[in-house]
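The values are calculated or read from the model by the stated rules, or taken from the named source; none is laboratory data. This one's a predicted model, so the numbers in the text were calculated from it and none came from an experiment. Neighbour counts run over all protein chains shown; Cβ positions are idealised from the backbone, glycine included.
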Amino acid sequence: MPMRRPGYTKEYYAKNGDKIRERNKAWRAANPEKMRAYKLKHRTGLTLEEYDAMLEKQGGVCAICKNTLPKRIKRGGEVKLFCVDHDHKTGENRGLLCDDCNLMLGFAKDRVEILEAAIEYLKEYK
């Protein structure tokens, strides 16, 4: 359900929903940095400044593979940000990862023994 502003009644929204959605879409398109800041804060708890500081601390690369690009391209050609990796138990942010490295950790369920076994497997066939 779309978020309504205070004061919008169901009837008003039903009557003017298309106009409201168009206005919101135009605002988002005109304010990409504000949307980026909102999404980042909402999803990760980080401000843009904190994200940029993490990225600078990592040298502008993925914390694992050292790739400089996040890899995934969104619809419309916009490059996606690095993923903010976090500990699923504590919720603490750990670092910034490209999609591939983030998926690798996710599929391994953050279990070191799985990743170590994968390393041994790869070494056996090298």
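Go through the range 85-118 and count every residue that is among the charged types (D, E, K, R) and either over 27 Å from D52 (Cβ atoms) or in contact (Cβ under 8 Å) with a residue 60 or more places away in the chain (or both).
4
Hey, any hits in the range 100-107 for a residue that's within 17 Å of K66 (Cβ to Cβ) and either of a type in the set (D, E, K, R) or touching a Lys or Arg at 6+ places or on another chain (Cβ under 8 Å) (or both)?
Yes.
I'd like the residue in the range 1-51 that is within 30 Å of G95 (Cα to Cα), modelled with pLDDT of 90 or more and among the acidic types (D, E) and, out of all such residues, is surrounded by the fewest Cβ atoms within 10 Å (Cβ to Cβ).
E49
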